[in-house]
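Heads up: the structure comes next, in structure tokens.
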Amino acid sequence: MRKWLARKVSMPRGMCLARNVLGVLLFLFLTISACAEEAADGAEDMDVSQYETTTAGMDAVIGQAQFPLEPLCFEGEANYQYFDDHLAVQIQRHTTGDIAYFLCDVQTTDPAALRSALSNDKAYGAFEYTSVIASRHEAVLAVNGDDYGHGESKKFGIIIRDGELIRARATSRHMLVLEANGDLRVIADRGKDKPKTIADRLIKEGVRQTWEFGPELIRDGQVVPLNKKFTLISTRDGQLEPRTAIGQAGPLHYVVLVVDGRRSGYSDGISLPGLQQLMLKTGVRTAFNLDGGGSTTLVFQGEVINKPSAGKERSVSDILYFK
């Protein structure tokens with residue numbers, strides 16, 4: 001610190017007092033200035049990691065993924081976004097001509113992020129809205145599932161949920177399998193093994209979820225020819241309906257497609273061949289058609305963001321969701 005020397009000079013008492021006040025003020029000013037300089041010098045060596053962490057958190061809030069992402073399934077900006085330390089959900093809404101649909105790009109680091117939930121949290125529980133089940137499970141993104149417990153659907157297929165076998169029965173439907181590593185695959189040929197044999201094998205492999213509906217839309221990045229013998233739903237090119245589909249573009253990278261329909265002036269719906277083409281454009285390697293029609297519902301963070309065909313949700317027996 002600088003040192004200041006004052007020469008003693010005789011002067012009147014009043015002037016001495018004034019001189020002393022000025023001296024004190026000058027001393028305080030110089031002391032504060034010196035402290036400020038030292039603080040500024042020390043700031044260059046300050047550990048700012050805690051502030052960098054805070055900044056990263058703010059970036060996440062305004063829309064930054066917290067882990068590396070693959071290219072999205074769509075171009076342009078997302079209308080809805082969600083990011084946390086293991087999940088990135090980005091949704092783009094499209095309205096063109098007589099069709100409205102939602103492309104959902106979902107990427108995760110956790111193979112268990114894709115889940116299923118049952119109405120009233122039990123097999124064959126009383127039906128509930130997709131949004132009700134989704135809210136109870138704190139889903140980030142949810143859609144209707146295969147409605148395994150509805151009407152005739154209860155008689156068919158191999159249903160595994162959360163690693164537990166609910167039933168194993170014969171069916172001509174296609175089965176979507178969620179493997180332990182998060183990969184999706186479709187079993188379309190159901191004539192080789194008995195249902196119980198297939199179910200036991202899947203459980204042994206660590207399969208957590210299966211959904212029975214279909215048809216299979218995309219296999220190995222190519223459109224699957226639609227089999228006219230698949231009678232669960234119409235495969236005719238002119239059959240326009242609301243649709244819900246899911247696909248996989250890469251490891252732990254999923255695409256959910258929801259198409260509204262049966263609403264004149266807003267969206268007529270889409271045919272299965274049309275659904276295949278939309279899915280193909282997203283770059284998925286695998287894609288599967290879930291229950292649709294009045295069941296088609298898309299929930300994002302507790303809010304229904306599509307327009308169900310009846311003007312309100314239909315109660316269903318299960319949902320598919322990400323968390």
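Using only side-chain charges placed at the Cβ, +1 for Lys and Arg and -1 for Asp and Glu, the dipole size of the range 98-142 relative to its Cα centre rounds to 200 debye.
Please report the relative contact order for the range 62-101, taking Cα pairs under 8 Å with a sequence separation of at least 6, and give it as a percent rounded to a whole number. Intermediate values should be presented prior to the final figure.
On the way: 40 pairs, mean separation 13.0, N = 40.
Contact order relative to length: 33 percent.
Within the shell defined by Cβ-Cβ distances under 11 Å, the residues around residue 145 carry a net charge of -3, with Lys and Arg each +1 and Asp and Glu each -1. Which whole-number percent is the relative contact order of the range 79-155 (Cα, under 8 Å, 6+ apart)? Reported as a whole number, the value is 18 percent.
Charging the Cβ of each Asp and Glu at -1 and of each Lys and Arg at +1, and nothing else, the dipole of the range 79-169 about its Cα centre rounds to 420 debye. Compared with the alpha-carbon gap, the fully stretched path from residue 172 to residue 301 is longer by 42.9 nm at 0.36 nm per residue.
Whole-Hz Karplus values for the range 138-150 come out as 6, 5, 7, 10, 9, 9, 4, x, 9, 6, 4, x, 9 Hz, taken residue by residue from phi with 6.51 cos²θ - 1.76 cosθ + 1.60 and θ = phi - 60°; glycine and proline positions read x. Candidate cross-link partners of residue 154 among the lysines, defined by an alpha-carbon separation under 28 Å and a same-chain spacing of 8 or more, comprise 122, 192, 194, 196, 204, 228, 229, 307, 312, 323.
Descending by average beta-carbon neighbour count within 10 Å, the peptides 199-211, 251-263 line up as 251-263, 199-211, the highest first.
The fewest-to-most ranking of 161, 243, 185 by surrounding Cβ atoms within 10 Å reads 185, 161, 243.
Full-extension gain between residue 227 and residue 137, please, as 0.36 nm times their residue separation minus the C-alpha to C-alpha distance. Mind dumping the intermediate values first?
Values: separation 90, 0.36 × 90 = 32.40 nm, distance 3.64 nm.
Value of the extension gain: 28.8 nm.
Listed values for the range 223-230 are Karplus-derived 3J(HN,Hα) couplings in whole Hz (6.51 cos²θ - 1.76 cosθ + 1.60, θ = phi - 60°), namely 5, 8, x, 7, 8, 5, 7, 6, and x replaces Gly and Pro.
Taking a temperature of 4 °C and a viscosity of 1.567 mPa s, what whole-number D in µm²/s does Stokes-Einstein yield for the range 66-322 with Rh from Kirkwood over alpha carbon pairs?
On the way: Rh = 18.1 Å.
For the chosen part, D equals 72 µm²/s.
When you restrict to C-alpha pairs under 8 Å that are six or more residues apart and normalise by the size of the range 269-323, the relative contact order lands at 24 percent.
Could you give the size of the charge dipole of the range 66-322 about its Cα centre, using +1 on the Cβ of each K and R and -1 on the Cβ of each D and E, expressed in debye and rounded to the nearest 20? Spell out each step's value before the answer.
Values: 30 positive and 33 negative charges, 230 e Å.
Charge dipole of the range 66-322: 1100 debye, to the nearest 20.
Can you put 95, 296 in order, fewest other beta carbons within 10 Å first?
Details: 95 11, 296 28.
Ascending Cβ contact count within 10 Å gives the list 95, 296.
Just so you know, all these numbers are worked out from the coordinates, no wet-lab data involved. Everything quoted here is computed from the prediction, not taken from an experiment. Cβ: placed from backbone, ideal geometry, glycine included. Neighbour counts: every protein chain shown.
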